[in-house]
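The values are calculated or read from the model by the stated rules, or taken from the named source; none is laboratory data. Keep in mind that what you see is a predicted model, and the values were worked out from it rather than measured. All Cβ positions, glycine included, derive from the backbone under ideal geometry; neighbour counts span all protein chains shown. Each accessible area value is taken on the protein alone, full model and side chains, heavy atoms only, with ligands, DNA and RNA left out. Shrake-Rupley method; radii C 1.70, N 1.55, O 1.52, S 1.80 Å.
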Amino acid sequence: LCGDLKTQVPFLFSLLCLQVIKCKAAVLWEANKPFSIEEVEVAPPKEHEVRVKIMATGICRSDDHVITGALVMPFPIILGHEGAGVVESVGQGVTSFKPGDKVIPLFIPQCGECKSCLGTKGNLCTKNDLASGAGLMPDGTTRFTCKGKAVHHFLGTSTFTEYTVVHESALAKIDSAAPLEKVCLIGCGFSTGYGAALQTAKVEPGSTCAVFGLGGVGLSVIMGCKVAGASRIIAVDINSDKFAKAKELGATDCVNPKDFQKPIHEVLIEMTGQGVDYSFEVIGRTDTMTAALACCQYNYGVSVIVGVPPAAQKITFDPMLLFTGRSWKGSVFGGWRSKDSVPKLVADYMNKKFVLDPLITHTLPLTQINEGFDLLRTGK
């Protein structure tokens with residue numbers, strides 16, 4: 001042992017105390033099958049990693065896309081990416097977190113070193129696992145084991161477990177007074193929708209907007225459009241039961257495509273004259289993506305793809321839709337730089353700048369996660 005004993009001994013002692021944790025987790029062994037509640041082993045955090053006790057997690061359609069195969073990931077896997085928890089232990093080299101800190105895992109990390117993190121044009125850190133879908137920690141290994149088998153991570157977060165391990169670049173420290181069962185939604189759903197309006201589209205006061213899909217993310221887009229000062233916000237969904245909440249959160253009109261014989265983009269153009277200034281596809285379907293583009297003002301309309309596109313599907317569309325001047329954009333995590341923005345969004349929530357309660361419809365224990373997904377799939 002060399003160097004300063006006063007600083008090294010406590011740290012070495014803490015490393016010796018780090019043990020494998022056995023806990024419950026919802027493991028997905030294969031596609032199109034229910035989650036299985038299993039006892040898993042969660043290894044101690046390695047260098048620059050943090051082990052977190054997950055206190056609350058939201059269910060997101062992106063998790064369901066893995067189940068159906070629309071988003072390809074390796075199995076077995078622990079899904080979940082919209083969570084909040086408390087730091088249980090830290091690995092060597094971690095200085096910005098300590099046990100007891102309240103945190104939100106970040107499915108889009110912010111390493112602070114890559115071109116995206118150092119530049120000003122985007123927020124998609126190259127250290128993300130969204131594109132590769134490897135399901136592993138940055139060092140190429142996993143911290144989860146179940147029944148002697150290695151279990152994959154999901155987007156570097158894996159929140160459908162009582163304990164998880166994340167890289168320190170994929171974690172944000174938040175206000176110690178924040179209610180974790182509410183602010184967990186800032187880990188994905190709320191931030192993604194709210195930011196799509198404010199950060200990606202940059203909705204302007206007095207503008208007209210159309211939002212396709214009124215799940216948690218779509219409702220958050222509506223909230224963002226309202227905060228930005230949009231004069232007309234048209235909510236579009238085939239489930240009319242969602243209209244009351246959409247209006248509560250800021251929608252001025254609600255439209256069900258099933259109520260019309262003509263294509264929905266034609267309906268929206270007739271409603272607005274020349275089409276909307278901004279449209280948002282928050283479902284993840286290629287047909288609604290093209291409809292959202294077509295309903296935009298032909299010269300300067302902006303359409304934003306927020307829903308995760310299904311794997312192995314292509315879009316066919318008339319290029320004249322873009323030639324006349326429309327813009328088609330994508331938005332990952334609402335355009336927010338995760339480590340910088342999540343603590344600020346939590347602070348805004350604590351200061352009552354927006355609400356989260358209307359986005360929470362049910363509260364269930366981890367053991368009823370399959371019931372939670374049934375509620376998601378039935379639009380409840």
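Considering the range 292-380, the qualifying helices (runs of 4 or more DSSP H), each wholly inside and each with 2 or more residues that are outside the structural domain of S116 (by the TED database) and more than 30 Å from K24 (Cβ to Cβ), run over 320-323. Comparison of F154, F144, F75, F97 shows that the only residue that is out of contact with any Phe, Trp or Tyr (no Cβ under 7 Å at 6 or more places or on another chain), in contact (Cβ under 8 Å) with a residue 12 or more places away in the chain, among the aromatic types (F, W, Y) and under 29 Å from V306 (Cα atoms) is F154.
Being hydroxyl-bearing (S, T, Y) and more than 27 Å from L155 (Cβ to Cβ) is not true of T288. Scanning the range 52-73 for residues that are at pLDDT below 95, over 14 Å from F35 (Cα atoms) and surrounded by fewer than 20 Cβ atoms within 10 Å (Cβ to Cβ) yields G69, A70, V72. For the range 33-56, the criterion of being closer than 20 Å to C184 by Cβ, under 19 Å from the mean Cα position of the chain (by Cα) and assigned to a loop (DSSP other than H, G, I, E, B) is met by none of the residues. Among the residues of the range 74-119, those identified as modelled with pLDDT under 95 and charged (D, E, K, R) are E113, K115. Taken as a whole, the range 335-347 holds no residue that is open to solvent by 30 Å² or more (accessible area, probe 1.4 Å), under 18 Å from the mean Cα position of the chain (by Cα) and of a type in the set (V, I, T).
Is it the case that the range 75-85 has a residue that's crowded, with 18+ Cβ neighbours inside 10 Å and at positive phi? Step through it out loud before you land on a result.
So the first thing to find is which residues in the range 75-85 are crowded, with 18+ Cβ neighbours inside 10 Å, and the list is 76-85.
With the extra rule that they be at positive phi, the set shrinks to 80.
Yes, that holds for at least one residue.
Are any of the residues in the range 225-243 in contact with a strand residue (DSSP E or B) (Cβ under 9 Å, 6 or more places away or on another chain), closer than 27 Å to R337 by Cα and touching a residue at least 40 places away in the same chain (Cβ under 8 Å)? Full working, then the answer.
Keep residues of the range 225-243 that are in contact with a strand residue (DSSP E or B) (Cβ under 9 Å, 6 or more places away or on another chain), which gives 225-226, 228, 230-237, 240, 242-243.
Those still in the list that are closer than 27 Å to R337 by Cα too: 225-226, 228, 230, 233.
From what's left, touching a residue at least 40 places away in the same chain (Cβ under 8 Å): 225, 230.
Yes, the conditions are met somewhere in the range 225-243.
You will find that of K352, K314, the residue that is exposed (fewer than 13 other Cβ atoms within 10 Å of the Cβ), at positive phi, out of contact with any His (no Cβ under 8 Å at 6 or more places or on another chain) and charged (D, E, K, R) is K352 and no other. Identify, by number, the condition in (1) surrounded by 18 or more Cβ atoms within 10 Å (Cβ to Cβ); (2) modelled with pLDDT of 95 or more that L321 doesn't meet. For L321, the exception is condition (2).
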